[in-house]
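One structure below.
Readers should treat all values here as calculations from the given coordinates under stated rules, not as data from a laboratory. Remember, predicted model here, so these are calculated numbers, not experimental data. Ideal geometry is used to build each Cβ from the backbone, glycine not excepted, and the neighbour counts take in all protein chains shown.
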Amino acid sequence: MSFSVSQILGNPGLLKLELMRKGLRIEPSVLRSLDTSGSGVTGHALFGSAGDIDISLPQGTWVTAPVAPRIVKASPYRLVVDGDQHLITADASAAVVCKDDEGAQSQSEPQEAVPRVPVTVQPPASFFRRSTSSGIPLRRIGTVHGPYLALSPTNKCGFLATADRCRFCGVSAQPQDAVPVADIVEAIRIAREEQTVNMVHLSVGYLGTDDGGVRMLEPYVAAIKKHFDIVVAVDALPPADNGWIDRTYGMGADAISYNLEIFDAQRFEKICPGPARVIGRERFMEALEYATTVFQSGGVTCHLIVGLEPLDSTREGIQTLTGMGVVPVLPIYRPFKGRDMRADEDIERFEPTLGELGSLYRDLYRQVRNNRLGLSMVRDIATVTTPLEGRFFDGEPNFLRSLADRLTGTRIGRRTSARFSDLRRALRVRDVTIVEP
Amino acid sequence: MSTQPEPDNRRFEIDRRPITVVLLARIWKQLLLLGLIGLLVVLLQLTAPTGLSPQGYKALIIFAFCAILWATSLLPLAITSLFAMALLPLAGVMSAQETYSYFGSRVVFFLMGALMLSAAMIATGISKRFATVVVRRFGATPGRLVTSVFLLCAFGSSMMSAHAVGVMVLPIVVDITRALGLRPLRSNLGKALCFSLAWGCVIGGSLTVLGGARGPLAIGIVEEFSGGAQTIGFVQYMLYGLPMVVGMLLVTLFTLKVVFPPEISDTRGALKVLESNLEQMGKVTARELVVGVIMVATVLMWAFAGDTLGLDTIAIIAMSALFLLRAVTWREVQEEVNWGLILMYGGAICLSAAMAHTGAALWLTELVFADGVSSPQMLLIVIALASALLTEFMSNSAVVAMLLPPTLSLAQANGIDLAAAAMTVVLPSNFAFMFPISTPVTALAWSVGFYTPRQVAVTGAALHAVGFGFMVILITLYWPAVGLI
């Protein structure tokens, strides 16, 4: 399968994949006009140590694209400025012929026929340069990309300094104290000052406890829910007992991720030895299934990294998970915060072509829709192609569905979604804590 | 910024039913209430039926609306009453000035004083000491133990709210059952003690006007209905129901002894515990003494000077004396008094006045009893039966608030003494024997775990029948004999 430049530029899903994979060339003069001073800081620069910028493509599609010249010099895509408007186009000499990764050739296009796509550039937020009132640099706490804010109240993970560490993980092994709750609230406030943040993702690693980090996250979630109408997602490891999953929902989390990362059992053990040994794949699946009975449809997600196992295995994962009521999220493997697995000879890699990726995300979208799973909890994420963005690979969308997707993605739509999520919790959850006299 | 630390053992239950079912289960009351309000608005727009003035029609609609709310507890009783007070001027039944003036009824202040006296007794601990002393003094055998608990509860609830007495005596009963090692659901003595607690409180509450808030409410409604021309005095109230109360006490005590013969003969263990409890209380404090003296003096004043000074005036003087002598603090009174009860009564009296003054009550009763009642006595028996049945499903105060206004109109039309009519409603409204939910004391006694709801229903039904039998005797023999009807 091959795609012409026009096809790619005209399809936000394809363009997002291309920009994430190949990056965006920006003329030095244009680059200087953008405030990219925060683009290289640790935390924001997910793709190695290169600088990234967040761009809003047509149809509300967010993408984080690498822009460092040494990374993107081979990219056919470039950012141009026309008056006050930013546009993405393809360089005629480099990209008139867009080769599919499999080597198929499409017809050449004349330069004047290459479309220019209007986009909105969101320079890296000052978030990354600021600190909380108590002096904690925000870049230590988390990262913000467009509407998506990810925070880690603690970087502690019992696997980090051991052989059990996940092979793709780039988190520093130096443990730091948990960030005060007030600082997390302040971080969200700062992020919302300049970005339309509508989802907070709280992540926690392996803390050596049976609760999957729920106790640790509880005051943070409570404080966030107290101060903001915002969707809160928790990214944790499955707890030993399902009661903790009830508590995760009861304490205010709107969505939960238990990330298996790799669906293939043997590769899971190899790439994620800690979670495989201590928790086990079976418990991951159990916890995910149980969580679907607690959280709202689409509120239970599981990352499967694309490129670290055969696509057939990923597809099997999509089918199994969606059948259980879990929404798979498929990030493409990238060196993460400086950790590059490409040097690991014992890890087999399966780099998909653009055509294969398009087909994979289309299948993901169809499976999620066929199983009637909600898509609103995992959307507008700049660093990964979301299941909802799989619609760009599935032909012409239904008008009403498209309208609904757009409306729920607006600021007021997201706020309403957070309110409805809170209402659902208020209706479904009963606090049965026995208060000791 | 700080967040409240959550308990480490925090647990949640997730309701997994379909969300529409969960939603309906959570808001059906609100939906029903909205539906009722909608119906109220529509009905208020309709034309009054023949024989009823527009104001009377509206008063009747508002009354029916409140009766449903009282019966179903869709809103707290007090809020329903306040709602009624707002609706009356809104619908044009009475002016706002007139409506709210009924809240200043004398009986509201009497009730407030009585509740404050009761609060002082609980706060100072004199009521608990008295109960413990009585049971320890007279509980030498299992039979006497049951009798002392029963009579203590009956006497106590004739002086203060039955609920307060139940709360006070319950720990004593629990201590006794534990000290004697009585087995839940098995022990006859355990059953007898718990039933003594529940039924003693229920029956004793009918003796005086202090035994529950329904008495003052009935007096207030009678006073408002008659424009202040008639009331029911403290002693008069006692005399109306005395034979029934005494009779029921005797029958019930006999029943307890026969149906639940005690399986043990030695009560020394229980007496030792009560002895220890008394030691822990220490000597009688000055505060207890002052409250005790004021309480006795107040009851005597109500009995012998109530008609001349007024029950309300005596109550307020007693209440002031409590504070003057520093026997109780405002905080203690504030915590112990059920202020919602006072609000409920103010509104109910106001609504009954509206029913009476607009002719709605008379119209309603004539409609219901136009052809079916052959004599005044039969009429009272039918009303007593309605009151006795309703009270098993709704609070006795709500029964009085609902049933009394039309009953008074009917009584007036049939030449029946208003006081007799009021007592016909009030006395059976206390027959809440059958279900643990009927009154708070029944639920309290049931919570100890010695009998099942079925046993409450069976024995309660029998007592209910006995009580109604006594009521018929009152209406047909006693009241005519003493010239009440």
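Tabulated values for the structure
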{"item": "Per-residue Cβ neighbour rank within 10 angstrom, fewest leading, A:SER172, B:SER265", "result": "B:SER265, A:SER172"}
{"item": "Percent antiparallel among DSSP beta bridges (both partners in chain A, rounded to 5)", "result": "55 percent"}
{"item": "Qualifying chymotrypsin sites (Phe, Trp or Tyr not before Pro) in the range A:342-385, DSSP loop, other Cβ atoms within 10 Å at most 16", "result": "A:PHE350"}
{"item": "Formal net charge of residues neighbouring A:ASP235 (Cβ-Cβ distance under 14 Å; K, R +1; D, E -1)", "result": "-2"}
{"item": "Which of B:LEU324, B:LEU217, B:LEU253 has the fewest Cβ neighbours within 10 Å, and the rest in rising order", "result": "B:LEU324, B:LEU253, B:LEU217"}
{"item": "DSSP beta bridges in the protein assembly as shown [antiparallel fraction, %, rounded to 5]", "result": "55 percent"}
{"item": "Under the Debye formula (equal points on every Cα, no solvent term), log10 I(q)/I(0) of the range B:380-481 at q = 0.17, 0.19 Å⁻¹", "result": "-0.74, -0.88"}
{"item": "Charge context of B:LEU410, other residues only, Cβ under 13 angstrom, K/R +1, D/E -1", "result": "-2"}
{"item": "Separation between Cα centres of the range B:13-82 and the range B:262-298, rounded to whole Å", "result": "47 Å"}
{"item": "Choice from A:LEU31, A:LEU357, A:LEU17 with maximal GNM fluctuation in chain A (Cα, 10 Å cutoff)", "result": "A:LEU31"}
{"item": "Mean residue ellipticity (222 nm) of the protein assembly as shown, computed from DSSP H runs ≥ 4 via -39,500 (n - 2.57), nearest 500", "result": "-17500 deg cm²/dmol"}
{"item": "The range B:1-120: radius of gyration and largest Cα-Cα distance (Dmax), Å", "result": "21.2, 67"}
{"item": "Cα-based radius of gyration of the range A:286-437 once divided by 2.2 N^0.38 Å, which approximates compact folds", "result": "1.22"}
{"item": "Debye equation applied to the C-alpha atoms of the range B:83-184, log10 I(q)/I(0) at 0.13, 0.18 Å⁻¹", "result": "-0.61, -0.86"}
{"item": "Pairwise centroid distance, computed over Cα atoms, of the range B:377-405 with the range A:370-437, Å", "result": "55 Å"}
{"item": "Fewest-first sequence of A:LEU160, B:LEU367, B:LEU197, A:LEU202 by Cβ atoms within 10 Å of each Cβ", "result": "B:LEU367, A:LEU160, A:LEU202, B:LEU197"}
{"item": "Set of lysines with alpha-carbon distance to B:LYS257 below 19 Å, sequence-local pairs under 8 removed", "result": "B:LYS191"}
{"item": "Cα-based radius of gyration of the range B:28-81 once divided by 2.2 N^0.38 Å, which approximates compact folds", "result": "1.20"}
{"item": "Overall form of the range B:205-335 per C-alpha gyration tensor (a/c, 1.5; a/b vs b/c)", "result": "oblate"}
{"item": "Separation of alpha-carbon centers, the range B:131-172 and the range A:194-265, rounded to whole Å", "result": "55 Å"}
{"item": "Kirkwood Rh and Cα Rg combined as Rg/Rh, the range A:126-399", "result": "0.94"}
{"item": "Equivalent ellipsoid, the protein assembly as shown (semi-axes from 5 times Cα gyration tensor eigenvalues, Å)", "result": "76, 33, 24"}
{"item": "Three semi-axes of the equivalent ellipsoid, the range A:366-437, Cα gyration tensor, whole Å, largest first", "result": "33, 14, 12"}
{"item": "In range of the label at B:TRP339: residues from the range B:67-86 whose backbone nitrogen is under 17 Å from the point 7 Å along Cα→Cβ", "result": "B:76-83"}
{"item": "Nearest-ten-degree value, helix B:268-281 long axis tilted from longest Cα axis of chain B", "result": "70 degrees"}
{"item": "Measure of compaction for the range B:103-481 (Cα Rg per 2.2 N^0.38 Å)", "result": "0.99"}
{"item": "Taking only Cα atoms of the range A:195-305, radius of gyration then Dmax in Å", "result": "13.8, 44"}
